[in-house]
Structures are given as C-alpha cells and as structure tokens.
Amino acid sequence: MKNDLKQTKAFLFDLDGTLYLGNNVFDGVKETLDYIRDKGIKIVYLTNNSSKTEKEYKAKLIRLGLFDKRDIIYSSLDASIEYITEMLSGKKIYAVATKKVAKYLKKAGINLSGKADAVLVTFDTELNYKKIEKANDLIVKGATYIATHPDKTCPKEGVYSPDLGSFIEMFKASSNKYPDIIIGKPNAVMGDYLYKKLNLRREEITMVGDRLSTDIAFGINSGFNTVLVFSGETEKDAYAKSDIKADFALDTVNGIKELI
C-alpha cells in the first residue's frame, strides 16, 4: 500500500453509493470536497450512468450542494461521443437513448439515423419495444455494437433498478451478440480519454468509488490510484475475499482528508 495520496492532482469520484445515495448526500461529503478543492486538486464527477446529459447531472449536483465551477462532469456517454467521433467519424449511428440524450448526441455532432452503420446502446430509461426491435435488427445484420457501460443494476434506495448491463443480456438473448466495445468503467477506454483530457500523469489521478468490479477495476486498468469506500455496494467481508484490491479502502470519502 502507498503511504498517502499526496501526488494526486485529480480525484475521479463515482456518484451514487460514493458521494450520495439517491438524493441523500452522505455526512461530511461537502466539507471533504471543499477541503480537496482548497488543496488545488481537481474534482471530476465520473459516472457510468448514461441516462442523463452533462446539464442534467450538473443540475442535480448543484441541487445537492456538491458542484463548484472548477469541477468537471464526465460520463460514459461523453466518452462514447469521443470514441464515435474518433473511430466512427461520418458513420450513421442508431442510438437507444432518451430524447434528451439523443439531442445531446446530435449537438455533439453524432449523425443519428435509423439506417445506421453502428448501434449505440445507452441506459435508456424511456426504452420501448420499438427501440429494442430496431436495435436488435441492426445488431443481427452486422452493425457495430457499442454499449456505454456494463453495470447490471443502478443504485437507489430500496431495490436497485435494472441498468444497461441487463439490457446487454437481453440483446445477447435475442441477437446472440455481445457489444463490440463497452466504453465505460471498468474498461480503460474512458480512462484513456480522461487521461488525455486532464493532461496529467496517470499516477497523479485517483479513482474513488464503491464498486470493485467497475470503479476499482477501472482505476487499475487505467493505471490510476484507487480508493474503495464502503458507503455503497461493496461490504468489508466481500472485499476481504475479492481478488480486486484498491490502494486504499476507507469507510467513507471523508477519510481522504487524512491522505492528502
């Protein structure tokens, strides 16, 4: 284990389960974020959830009292836009997405079309059978199949909701295909785009999250420092038995103050 995180110049914070759950911010989080900012360290709100646009996330973070104008919001949707722009420039894309997300994609220059070369599946909370059938048809016929992230459930108070990973299993059952590429955590695709965006050395970036299989694995795969918090999905007993190990394991994000 490393002795501290004093080399960190940017913290990547997962949201649900790490800083808050639903609309309830965990105790001490606001003060911890202020402490980090006062140290001159960049805060990046990093989420796999592609059901909302940057504007929607910003509105929620402002409402919860967490956002500062110095902060960055970056999601698997943003990384997917960068990937499509770089790797599928000029190609027509069929997006399984909410109306707001589809508008966000268009504004970013993504060429959306029903007659598409590729299918982008996001966490579409407005999903209907027509979209499922259309996407499945394109996937079976050989369109490049992109998924924003692999999470099977979305954290919330009470019973967790089905997330994009559940959609992926549905399309596997109907098309017999898994995505050609999954952009978000734990895959390093999003990490590589963030690395370029932040213009820092990898050891100067620290990923903080509550999920071993996405947050911590992502940090490891991207070459970043990692901090696991026990405020969300991962329990201490499960962590003790896991092969995935973080550089630090803390009860909450508030423990970071002792390490920087």
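Each reported figure results from applying straightforward, stated rules to the coordinates on display, with no laboratory input. Predicted model, so just to flag it, every value in this text is computed and none were measured. Cβ placement follows ideal geometry from the backbone for every residue including glycine, while neighbour counts extend to all protein chains displayed.
Worth pointing out:
- Residue list for the range 39-62, filter: among the β-branched types (Val, Ile, Thr) and touching a residue at least 24 places away in the same chain (Cβ under 8 Å): 41, 43, 44, 47, 53
- Residue within the range 90-111 that is crowded, with 22+ Cβ neighbours inside 10 Å and touching a Gly at 6+ places or on another chain (Cβ under 7 Å) present: yes
- Meets criteria (free of Cβ contacts under 8 Å to residues at least 24 places away in the same chain, surrounded by fewer than 18 Cβ atoms within 10 Å (Cβ to Cβ), out of contact with any helix residue (DSSP H, G or I) (no Cβ under 6 Å at 6 or more places or on another chain) and not acidic (Asp, Glu)) for residue 114: yes
- Within the range 133-155, residues that are free of Cβ contacts under 8 Å to residues at least 60 places away in the same chain sit with their Cβ atoms under 8 Å from residues that are outside any helix (DSSP H, G or I) and of a type in the set (Gly, Ala, Ser), at 6+ positions apart or across chains, in these pairs: 134/114; 138/116; 143/116; 143/118; 144/118; 145/118; 153/161.
- Neighbours by Cβ (under 7 Å, 6+ apart or cross-chain): first from the range 88-99, of a type in the set (Phe, Trp, Tyr); second surrounded by fewer than 22 Cβ atoms within 10 Å (Cβ to Cβ) and part of a loop (DSSP other than H, G, I, E, B): 94/113; 94/114; 94/116
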